[in-house]
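No value in this document is a laboratory result; all are computed from the given coordinates. Note that this is a predicted model, so its numbers are computed, not measured. Here the Cβ is made from the backbone with ideal geometry for all residues, glycine too, and neighbour counts use every protein chain on show.
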């Protein structure tokens, strides 16, 4: 019995001691929380400023040649000379290939002789007509024969010229479809030539933005191949009709210094005009979404949440319609540790 009483007393003492220790721990934890809340949090701040409401339209596209031409044969026959290799540069009018033209050359020579004869005959008939020795019908026939001979001569010259295939534009050969000695028909493709001295970028622009664009607007183009180089271009085309998703094709043209190749991806930035200036804050100051926007404002050394109305922005700043005044300090870094009303320590600007 005595041992049982002693055991009970020991248990009571242990329970009371454990309770006392739990109370002390709880008080320490609460004190730690109070100290945490009351301690100053270091934050970075910025002043509410003013910025132009103009924004940048960022688009992506692919570089395309300014002109692309498939050069086809205008005559039928065997290729007797060929001056075309992949990657070869051609000037407008440069000879690419010739087709067997011996018969065409003879035909043209014969047509020239006939045209010369008919011209001489017409001159003689006109002189005789003045002397009254030929009739009106005879001189009319001579004039008709002269015109017909000239037409035949022009046709023969055209057929002879068609046997020489020339470059219609300045450019680079990117496709070769024939070889020396092969036979081609009228319309057979011979080579493909690209003009990449200028490049076109076609992109789709939303309905809300396309009305802000104008022909001639400046565009800055950056390609992954040359990330440190910005190519300057301009808007050259804005579609008059959009697709079913209300997107409108827009083209930008840039000059090529010889570095860029067709088919390269491009990032295009076009500045959109705004309506003057507006209050602005850095994007990183925003709490929540732009539709339910809040920021921390520093007042008397403490952080206070403030509801604001966002009216737009760009990749760097947000425009504020209501809720802030120019010059007020707002928190741009350290918000995650803040509670409304907490004392803050403003970090020095770096």
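Table for the structure above
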{"read-out": "The chain: relative contact order as a whole-number percent, Cα under 8 Å and 6+ apart", "value": "27 percent"}
{"read-out": "Neighbour-count order for 217, 244, fewest beta carbons within 10 angstrom listed first", "value": "244, 217"}
{"read-out": "Convex hull per residue volume in Å³, alpha carbons only, for segment 155-305", "value": "230 Å³"}
{"read-out": "Rough spin-label spacing in nm, given labels placed 7 Å along Cα→Cβ, for residue 291 and residue 212", "value": "2.0 nm"}
{"read-out": "Sites residue 175 and residue 240, calculated FRET efficiency, Cβ-Cβ separation with R0 30 Å, nearest 0.05", "value": "0.35"}
{"read-out": "Globularity ratio of segment 213-300, using Cα Rg and 2.2 N^0.38 Å", "value": "1.57"}
{"read-out": "Helical mean residue ellipticity (222 nm; -39500 (n - 2.57) per DSSP H run of 4+; nearest 500) of the chain", "value": "-10000 deg cm²/dmol"}
{"read-out": "Rounded FRET efficiency, nearest 0.05, which uses the C-beta distance separating residue 247 from residue 40 and R0 of 45 Å", "value": "0.30"}
{"read-out": "Whole-number percent relative contact order across segment 67-189, with pairs defined as alpha carbons under 8 Å at least 6 apart", "value": "54 percent"}
{"read-out": "Convex hull volume of the chain per residue (C-alpha atoms, cubic angstrom)", "value": "333 Å³"}
{"read-out": "P(r), alpha carbons of segment 67-189 - 5 Å bins starting at zero, rounded %", "value": "2, 11, 16, 14, 12, 9, 8, 7, 6, 6, 4, 2, 1, 0"}
